[in-house]
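These notes are about the structure you will find just below.
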Amino acid sequence: MLGYLRLGCALMAVCAPLAVAQAQTTIFREPLSPRLANYHIRVTLNDTNKTIQGQLRLTWTNPSDDVIPDLRFHLYYNAFSNAKSTFIRENMGSAPWAPDNGWGWMDIRRIAVRGRDVTDSLRFIAPDDGNADDRTVAQVMLPQPVQPRETLEVDIEFFAKIPRNHVRTGWWGEDFFFMAQWFPKIGVYEPPGMRFVPKDAPRGQWNCHQFHANTEFYADFGVYDVEITLPQKYVVATTGIIEREVEHADGSKTVVAHAEDVHDFAWLADASVLDYSDAWENPKTGQRVAIRLLLQPGHDIAKDNYFESAKATLAYFDEWLGPYAYPYPLLTIVDPQPGSGAGGMEYPTLITGMMVYPAAVLTRERLRMVETVTIHELGHQYWYGMVANNEFEEAFLDEGFNTYSENRIGDDLYGRVGSLIDFWGFRASLESVRRMGYVTGEGQRDARVADPTFAALNGSNFAYNKWSLALKTLEHYLGRETFDRIMRIYFQRWRFRHPSRNDFIAVANEVARQDLNWFFDSVLLGDGVIDYGIARVRSAPVSLFERGPDTTQASGADSLEASAVDSLSASDTLTAVSDTAKADTEATDTAVAEKPKLYYHDIVIRRIGEVAFPVEVLIRFEDGTEKRKRWDGRSRLHRFTFTYPSRLDRVVIDPDYKVPLDVNWLNNSWTRPNEQFKRKYRWKWFFWMQSILALLATIS
């Protein structure tokens, strides 16, 4: 089968003890991660009843100096077990499954620690909301606590009813299974000094959240050896690499997969998918990454789009974040069955794409959904797969970073204006769509980016849209070179670890060599918005200020003009009044030049939002001259006053759109009204009013 790594070894009998089967492949000579949570899983899929039955051995290492009395596990499938789970409650009881066949759940039939059965000590807890009916987190009390730095083995027998695929995982139709969060997964124990646990805390704590309607995942890195037994008709894709497949006489087969330095394991079984392969090579380093694409029948139009966008993204990240940024030998892309709900998701080394077939055909592929989703989900391999933040609590560290990356890569590959769609004269960029989502989203002041997405009313708008725009704003402020150094060092320092926002802020301050806390305090930790607008623009001839009883004394007016001109020429790059006067002198037959007509200009800028951020103001005159003024943006009002021998034509705040976080660009500009335009429509208004009045007079 294309894209597979085969070793040709015979599979040991499925009924053999779980501990004897060993991986035949070593991917990395040296571990890339601490490898705290290592799994050997053997599972059998019953595609008729839509169930799985499995055994796993977890080898877990206590990362702390604490004596830990319990273990905690995620049982994600129980979110779909009934309408009382926290997941369904947060969806207000709405479930997309049929009452008889759409629900799913997971049971731990037996659990043993150090060979001792502790099943009776298992109980369900709800650390987030106290919901006694939620069973997505299980706690196991240990007869003997885990000692500091101790490694112990946990054996679990489990059974799961697979839900219909709607939220990331499950079955669809008769022959499609996408299996994510499908086994009991241990939580993360955070010792003192890790993330938000104070260094001087007396002990660490378990971080094991319930499954919410608007949240994702958090787990430790490890090695996975997984054996999947299922009917032979299925094509299988997994996290990591597939070592071998062995067919059995009963019509089943066992797929043996291996993954290293990942924090999750997902797999696909699809009986109708087509299997293609390609590869990306870095010409500088010689690194080669095999790319496997499982494509739905009839989706051949998207095959090249999948491969080319994946290769371009791998190359981009390698150039941006450093060589071997993607260290794994294989990337698997799954084009899921239409309607399955499995599209547009990320798992270590395995992503799902998305093709909207009618739209792709009608727009001649100028609606770049395949490319955009591929770039986005592949980007997650870096900001979720390797720099593995806690997505329950700080989703923006993954989603925001990744959305910024998607916008940037899409712009560079397909053009700044039409990176998402360029069809029939309609063009939209990825960033513009994210900005539209942010500025039109409700509750812009309801939460902070730093708040957990599951706790916010519209958390995704903050995690995806606002933070990606915040990173773009910071890039403009610091310059791309400095910003790229920040991103590169942050990635290299924190990959295969679990950073928090404080770790990124520390890197940003270090690399930029300045205190950027004012930015992070307001944009990340604050709930305000950036909004600047034109408050007032006024202009008048300087001659108006020369009226009065003492107008016969020209010295006063002359001194006013001279003072204004001196101030202007000393601080701004404008044509000096003296140059204009010189030109006028040469153009006349008289010996004395005619004094140029000066205008006094008064421009007032308003800070409407709570967040202060430096902005640039463009001032353009009717003679074509432009000047730019920089303002720190701190005060509520700021005034520019000066004289110049031309009337104002246009005033624009942030003319180069360097502050995409500004929630209202409509109030950022002022343009001199066109008198001819005004006169035309004024007379039209008079005409129609006269006609209406005449009509009313005839009626009366």
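We did not get these values from a lab; they are worked out from the coordinates using the rules stated. Bear in mind that the values here come from a model prediction, so they are computed numbers and not experimental data. Cβ sites come from the backbone with ideal geometry, for glycine too, and all protein chains shown count toward neighbours.
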*Spin-label zone in region 482-507 - amide nitrogen under 19 Å from a point set 7 Å from the Cα of R630 along the C-beta vector*: 482-484
*Give the peptides 513-519, 437-443 in descending order of average Cβ contacts within 10 Å, highest first.*
437-443, 513-519
*If each of N667 and E546 carries a label point 7 Å out from its Cα toward its Cβ, how far apart are those two points in nm?*
3.9 nm
*Which whole-angstrom value gives the distance between the alpha carbon centres of region 601-655 and region 256-326?*
49 Å
_Reference-scaled alpha-carbon Rg (2.2 N^0.38 Å with N residues) for region 273-528_ = 1.00
*chymotrypsin sites (Phe, Trp or Tyr not before Pro) within region 262-371: which are DSSP loop residues with at most 16 other Cβ atoms inside 10 Å?*
Y324
*asked:* Assuming 0.36 nm per residue, please report the length gained on full extension of the stretch T44 to K597 beyond their Cα-Cα distance.
replied: 190.2 nm
*Nitroxide proxy distance, nm - points 7 Å out along Cα→Cβ at N502 and R445*: 3.0 nm
*Could you work out how far the C-alpha centroid of region 401-428 sits from that of region 493-546, in angstrom?*
25 Å
*May I ask for the net charge around W172, where only other residues with Cβ less than 13 Å from the Cβ of W172 are counted and Lys, Arg are +1 while Asp, Glu are -1?*
-1
*Sketch the reach of a paramagnetic label on R35 as a point 7 Å from Cα along Cα-to-Cβ, and name the residues of region 137-157 whose backbone nitrogen lies under 12 Å away.*
none
_Residues of region 408-431 with amide N under 20 Å of the 7 Å Cα→Cβ point at H476_ = 408-413, 415-420, 428-431
*If the viscosity is 0.890 mPa s and the temperature 25 °C, what translational diffusion coefficient in µm²/s does Stokes-Einstein give for region 206-287 when Rh comes from Kirkwood over Cα pairs?*
157 µm²/s
*Counting only residues 5 or more places away or on other chains, whose amide H sits under 5 Å from the amide H of R244 once H atoms are built in the peptide plane?*
V256
*Taking the Cα atoms of region 203-348 alone, what are Rg (to one decimal) and Dmax (as a whole number) in Å?*
17.3, 56
*Kindly rank 622-633, 396-407, 58-69 from highest to lowest mean number of other beta carbons found within 10 Å of each residue.*
396-407, 58-69, 622-633
*asked:* As a quick test, which of the pairs K84/K233; K50/K84; K161/K303; K311/K472; K84/K253; K303/K658 have an alpha carbon distance above 28 angstrom in this structure?
replied: K84/K233; K161/K303; K84/K253; K303/K658
*Summing +1 for each Lys or Arg and -1 for each Asp or Glu, what net charge is found among the other residues whose Cβ lies under 14 Å from the Cβ of F496?*
-2
